[in-house]
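The values are calculated or read from the model by the stated rules, or taken from the named source; none is laboratory data. Please read these numbers as outputs of a predicted model, since none were measured by experiment. We place every Cβ from the backbone using ideal geometry, glycine too, and count neighbours over all the protein chains shown. Accessible surface areas use protein heavy atoms only, side chains included; no ligands, DNA or RNA. Shrake-Rupley method; radii C 1.70, N 1.55, O 1.52, S 1.80 Å.
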Amino acid sequence: MFTGLIESTGRTISLESRGEQARLTLEVPFSSETCLGDSVAVNGCCLTVVEQSENTLAFDILTQTLDVTSLGSLKPGALVNLERALRANDRLGGHFVQGHVDATGVIRDLSSKGQDHRYEVQLPPEVYRYCISRGSLAVDGISLTIAELLPDSALFWITPHTFKATNLQSCQNGQKVNLEADLLAKYVEGLVRDKR
């Protein structure tokens with residue numbers, strides 16, 4: 001379980017194909033504080049540490065994860081969002097994020113507006129149906145509030161702190177991003193469906 005409050009960013013060292021799977025190696029600021037088997041959200045995708053050194057962490061990525069997320073398109077040097085799993089005594093400042101990516105979306109607009117940034121992301125129908133204005137959506141692992149729900153996209157306003165502390169500083173229009181819909185919305189849909 002995560003909060004969507006990005007702890008730090010890291011850099012992609014390599015994404016090595018291993019048959020239908022891959023090994024992702026990242027330069028991670030907190031790698032020395034991490035143990036084998038720990039969960040780390042990488043661009044919002046919960047991955048397990050399988051190899052560790054003083055400055056790097058490595059993760060095995062399954063075929064299903066490569067199919068559902070944008071991780072398969074990471075290139076050396078790419079900036080990624082990182083968050084370690086929530087501890088029981090931590091504050092919950094974002095929203096409940098599982099690290100289970102539902103689908104990918106596409107950045108339609110990332111542009112500066114004064115000191116802030118306008119951030120519009122196209123949403124596929126399987127994620128859009130869980131969204132409401134002023135609701136939460138995890139985009140590349142960042143807990144964001146939907147400022148406005150448009151016909152097939154969500155509009156967010158990004159503060160200077162969030163822009164500088166995340167991979168948004170290196171994102172481009174047209175780039176794929178990982179999306180995780182609000183957990184509570186998915187549970188409500190399940191409860192309503194079961195009562196029909």
For the range 100-179, which fully contained strands (runs of 3 or more DSSP E) count at least 3 residues that are open to solvent by 40 Å² or more (accessible area, probe 1.4 Å)? 103-113, 116-122
Return the residues of the range 28-73 that are in contact with a helix residue (DSSP H, G or I) (Cβ under 8 Å, 6 or more places away or on another chain) and part of a loop (DSSP other than H, G, I, E, B); say none if nothing qualifies. Asn43, Ser53, Glu54, Asn55
Filter result for Thr25 (in a strand (DSSP E or B) and either open to solvent by less than 20 Å² (accessible area, probe 1.4 Å) or free of Cβ contacts under 8 Å to residues at least 24 places away in the same chain (or both)): no
I need a count of the residues in the range 1-21 that are at pLDDT 95 or above and open to solvent by less than 10 Å² (accessible area, probe 1.4 Å). 2
Can you tell me which residues in the range 74-85 are in a loop (DSSP other than H, G, I, E, B) and within 19 Å of Thr162 (Cβ to Cβ)? Ala78
The lone exception for Phe96 - which of (1) open to solvent by 10 Å² or more (accessible area, probe 1.4 Å); (2) within 29 Å of Val192 (Cβ to Cβ); (3) free of Cβ contacts under 8 Å to residues at least 60 places away in the same chain; (4) of a type in the set (Phe, Trp, Tyr) it fails: (3)
Going residue by residue through the range 77-84, is there one that turns out to be within 24 Å of Leu47 (Cβ to Cβ), basic (Lys, Arg) and under 13 Å from the mean Cα position of the chain (by Cα)? yes
Just to verify a result, which residue in the range 39-82, among those that are without any contact (Cβ under 8 Å) to a residue 24 or more places away in the chain and either under 12 Å from Leu15 (Cα atoms) or among the charged types (D, E, K, R) (or both), is least open to solvent (accessible area, probe 1.4 Å)? Asp67
Of the residues in the range 99-144, those that are in contact with a helix residue (DSSP H, G or I) (Cβ under 8 Å, 6 or more places away or on another chain), among the aromatic types (Phe, Trp, Tyr) and farther than 17 Å from Asn43 by Cβ come to Tyr130
Among what's in the range 143-182 and is over 14 Å from Val121 (Cα atoms) and not hydroxyl-bearing (Ser, Thr, Tyr), pick the residue that is nearest to the chain's Cα centre (by Cα). Asn167
